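The values are calculated or read from the model by the stated rules, or taken from the named source; none is laboratory data. The model shown is predicted, which means the values in this text are computed figures rather than measured ones. No Cβ is skipped: glycine too gets one built from the backbone with ideal geometry, and neighbour counts run over all protein chains shown. Side chains included, ligands, DNA and RNA excluded: accessible areas come from the protein's heavy atoms. Shrake-Rupley method; radii C 1.70, N 1.55, O 1.52, S 1.80 Å.
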Amino acid sequence: MTSRPPTAPKSSAERLRALRNILAIETANGFANKAVSGGLDGFLRTLLHDADADPAIRWLAEHGMLSVGYGELDAGLRERWARETERLLATSGEAPARPAPRRASRAAAPPPTPPPTPPPPPTLDAPVLRLKSVTRTHVSKLAKMGVETVRDLVFLFPNRHLDYSQRRTVAQVRPGEDQTIVVSLWEARQVQMGRGGRLRATEAVVGDETGNLRVIWFGQPWLAQTLLRAMAKASRSGKGNAQLVLSGRVVVFNGRTQMESPEWEPLDDPDAADLVHTGRLVPVYPSTEGLPARTIRRIVREALETASVDGSLRIEDTLPDGLRERLGLIGLAEAVAQAHYPDSVETKETARIRLAFDELLVLQLAVAAKRGGRQKAAGIPLPPMPEPVRAFLGSLPFALTKGQQTALAEAMDDIAAAERPMSRLLQGDVGAGKTVVALALLLTAVAAGHQGALMAPTEVLAEQHFLNLRLMLAGLEEPSQGAGWFSVRLPGHPSPITIALLTGSTRAAARRELRQRIADGQLDILVGTHALIQQDVELPNLALAVVDEQHRFGVLQRAALRDKGGDGEKGGAEDRREPHLLLMSATPIPRTLALTLYGDLDISTIPELPAGRKEIQTRFVPSARAEDAERFLVDQAKAGRQSFVVCPLIDESEAVLARAATVEYDRLRETTLAGLAVGLLHGRLPLAEKQAVMDRFRSGELDVLVTTPVIEVGIDVPNATVMLIEGADRFGLAQLHQLRGRVGRGEHQSYCLLLSEAVSEEARERLDVLVGTNDGFAIAEADLRLRGPGDFFGTRQSGLPSLHMATLDDRDLLASARDEARTLLAADPGLSAHPQLAEAVAHYATAVTDDVA
């Protein structure tokens, strides 16, 4: 929504207040130049006209901030301008004030007030706002990154480093390479470039004893004033010319060598070792919108300096000296310092190894402590492959793949044993058939006279599972059904088997009916969300719990579901028999990571897809060719095929630049897809209406289904051959792979078209992975590399700590961490002799996956 500040604020205070409001609105709207009606430049011209009215406004004008040509900048440069303006507003009190006219004084001036005592430096646990370089605007943005204290900043390690360590003279610079030069600043000025001079920039001439070089900073005209002040300061101090360090890439433009938009910083001592942005291995930190790389780098640098005494970090080492020396690891303080600003590539890797070992050791200690502290109960024995399950498998219109057969056999062996309850992770690619295996196990529990439960993380996924179970059992369905439940009769089972759905949206009357059915012993399998673990839901005879997308649940939530059932409640803990637990994941977990996180958890993998399926062809489609992609849907419909069109939103939003399903549904029916049967599906539709739409699509009555990601799982339409995803850059890699898996389930060639209007470098890298492979495990490995283990599963409740420094290749380091964890716990089970390690383990304890809890 466009906000309009006062057109002509009457006072300078009002003008500055309006400017700050405008900056906040622009930040919230992604710097779309909509905060002021007609654009921001008119308001800036008003400020520039009255620059003499207020020192702060004059301060901005002197820095070139009011003549920037905001409307001509792209979003990234607008953001840099806004951050620089905020910084100058915050420091405007330091602007040199113009002398006030002197008045005759009748009385002697009072003695000067002594300066206040400076506050003590912030501690490691102090909030980030205590740092001079952090503004209130920065606080909320840092919080999004999980950074709230100085300590968090100290341990916010770079994703990578730019190698600006190669210093050269001007005569030695080479086009196309990153390099650093130390030069004198000869000239600096604002220039206008491009057609009609619409693009403003800063141009400088720099040089050393070997020659001169032109430098251009596009879209940063205010930088000229900063450089001119540096020249004036150097001249006043008698040092001659201002010295700069420039790091970046040199290009040849119109036959002339120049450096474009380099990192820069002033230099008083050419041999200084405290460079931040240039002249060394320069850290590139995780970022968030509104925090440019230079800003984060400056904030982290101040945190490191604050945490240091005499140049050394004040960090207590968590590892015993003997262990560290035995493994040849450097100290923690040195490792942290070198991880941020390494002296060389070699010291950077030495630091990473030390920090990676710490992460893996703490992780192994936390997993071992939780597993060892729990008294394992016995399992509920369930006879494997009873007659009702064989009848169900025989009724399917397809044969199980070898992978499905192996996974089912492994799980059946688990549930037949009484020594301990099954704790198994079942993973497989999209469309591999995990749900069939899970339903066979649930029916096994029911055949033995027990209950089963299937918990999904969202209502959409729970509903899709309920509808999918109904579809798989369609040939056996009983006429009896109600709101959110149905019954089937299986050969060999004496009574109908009832399956019901329970979510947070289940109406009170339906919930009461389900509770009564549970109490009467008439409910056999309950499908639902977190509602399954609420106190008013009883599953006293639960023998098998299935958790889908298990990484999206916390440890306590999984444990609560398991605690719903089991035998022997009236006896002691030693008499209790716990339900079996099957965890399902369509996000394949690389084996190294699985072993790291799950320890002795049993893992089954369905490696292949059903026979006869063709590889899906995936293409990236720029917005300019969107209409071609839509016409392709028409061609497919004429050939008798069906298509999905997935949009990231239900309704149109001004805050998010993404196409909405309802809007696309109307547009497509009236334009490109006019004449085709188009349906609409989204999460707000009632369950019965969703089922009706899907039945129409499945039967072939609809040619195209416009939908939100509600079709991410559980949809199997062999005739659907095209998945067109709008705003593909807004989806994660795993979700895109899930959506793609909705097609390619029949004999015909299938396609996935990824549409996007504006793609960042990071998003394009994600999309390129999807275009390059259909292998879910390869995609999982790539996703893990791109995002790191801490973000791999998309939620802090995943049970995964943030492994910033350890990688999948650290197998030897992982083995060492396991061995050392066993040794430490054997000698000191409570880690009482190692308080720093105990504290680190406690910090991770609530985040470490313990699937045997």
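Quick notes on this one:
- Label-point gap, in nm, between Asn159 and Lys402 - each point 7 angstrom along Cα→Cβ: 4.0 nm
- In this structure, the amide hydrogen of Thr618, modeled 1.01 Å from its nitrogen in the peptide plane, lies closer than 5 angstrom to those of Cys752, counting only residues at least 5 positions away or on a different chain.
- A compact globular protein would have a Cα radius of gyration near 2.2 N^0.38 Å; the ratio found for the stretch 186-264 is 1.13.
- Extension gain for Thr123 to Arg619 (0.36 nm times residue separation, less C-alpha to C-alpha distance): 173.4 nm.
- Between Arg696 and Ser395, the contour length at 0.36 nm per residue exceeds the alpha carbon distance by 106.0 nm.
- Accessible surface ranking that places the most exposed of Leu44, Leu471 first, with a 1.4 angstrom probe: Leu471, Leu44
- Spin-label model, Glu757 to Val284: label points 7 Å out along the Cα-to-beta-carbon direction sit 2.7 nm apart.
- Burial ranking of peptide ranges 20-26, 132-138 (average Cβ count within 10 Å, highest at the top): 20-26, 132-138
- Computed from the C-beta positions of Asp819 and His49, the FRET efficiency with R₀ = 60 Å rounds to 0.25.
- Highest to lowest packing among 335-345, 250-260, 223-233, scored as the average C-beta count within 10 Å: 335-345, 223-233, 250-260
- Residues whose amide H falls under 5 Å from that of Glu187, counting only those 5 or more places apart or on a different chain, are Val205, with hydrogens built in the peptide plane.
- Across the stretch 323-335, rounded Karplus estimates of 3J(HN,Hα) from the backbone phi angles (6.51 cos²θ - 1.76 cosθ + 1.60, θ = phi - 60°) give 5, 4, 5, 5, 8, x, 9, 6, x, 5, 4, 5, 5 Hz, Gly and Pro being marked x.
- Heavy-atom accessible surface of the stretch 319-471: percent carbon and sulfur, 1.4 Å: 54 percent
- Share of alpha-carbon pairs per 5 Å distance bin for the stretch 308-354, given as whole %: 5, 23, 28, 24, 16, 4
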